[in-house]
Amino acid sequence: MSILFASFIIAVILLFTIGVYSLLMTRNLMRILISVEILTKGVTLLLIAIGYVTGRMAAAQAYVITIIVIEVVLLAIATGIILGAYRKNDTLNTGFLNNLKG
């Protein structure tokens, strides 16, 4: 195992740890969205590391580009939903968002 792959794995574990910790500890919708983004960045870095080890960097890069495109679309939709919830309730705290019925 090379030093570059080991540093990739350490970075992925660090990103997963930060993402899961912040996802579980916060009640703010925007922070939850940022936590999900951190987790997806960990996934993309893991795909790049796997592509490096297996020697299939082209396939790994194609997967990562696909994930990034899907992530941007989901980020735009989630931000719109969060802004709508904020306009309706004047808060981003999930504890006070109890009137989200249609």
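The values are calculated or read from the model by the stated rules, or taken from the named source; none is laboratory data. Keep in mind that what you see is a predicted model, and the values were worked out from it rather than measured. Quick reminder, even Gly has a Cβ in these numbers, built from the backbone with ideal geometry, and neighbours come from all protein chains shown.
The figures follow:
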{"read-out": "Complete set of residues in the range 71-102 that are of a type in the set (A, V, I, L, M, F, W, C) and surrounded by 11 or more Cβ atoms within 10 Å (Cβ to Cβ)", "value": "L74, L75, A78, I81, I82, L83, A85, L92, F96, L97"}
{"read-out": "Any hit, the range 37-46, residues being closer than 24 Å to A11 by Cα, among the polar types (S, T, N, Q), out of contact with any Lys or Arg (no Cβ under 6 Å at 6 or more places or on another chain) and in contact (Cβ under 8 Å) with a residue 24 or more places away in the chain", "value": "yes"}
{"read-out": "The range 5-22 - residue that is within 30 Å of T94 (Cα to Cα) and of a type in the set (V, I, T) and, of those, farthest from the chain's Cα centre (by Cα)", "value": "I13"}
{"read-out": "Residue in the range 60-69 that is of a type in the set (S, T, N, Q) and either farther than 22 Å from M25 by Cα or modelled with pLDDT of 95 or more (or both) present", "value": "yes"}
{"read-out": "Subset of the range 63-102 (residues that are among the hydrophobic types (A, V, I, L, M, F, W, C) and more than 24 Å from L47 (Cβ to Cβ))", "value": "I81, I82, L83, A85, L92, F96, L97, L100"}
{"read-out": "Qualifying residue in the range 53-73 (condition: touching a residue at least 60 places away in the same chain (Cβ under 8 Å) and in a helix (DSSP H, G or I))", "value": "no"}
{"read-out": "Tabulated pairs, the range 79-100, first of a type outside the set (S, T, N, Q), second at pLDDT 85 or above and not in a helix (DSSP H, G or I), C-beta under 8 angstrom, 6+ apart or interchain", "value": "I82/L92; A85/L92; Y86/L92; L92/N28; G95/R27; L97/T91"}
{"read-out": "Residue in the range 23-30 that is under 17 Å from the mean Cα position of the chain (by Cα), touching a residue at least 60 places away in the same chain (Cβ under 8 Å) and assigned to a helix (DSSP H, G or I) present", "value": "yes"}
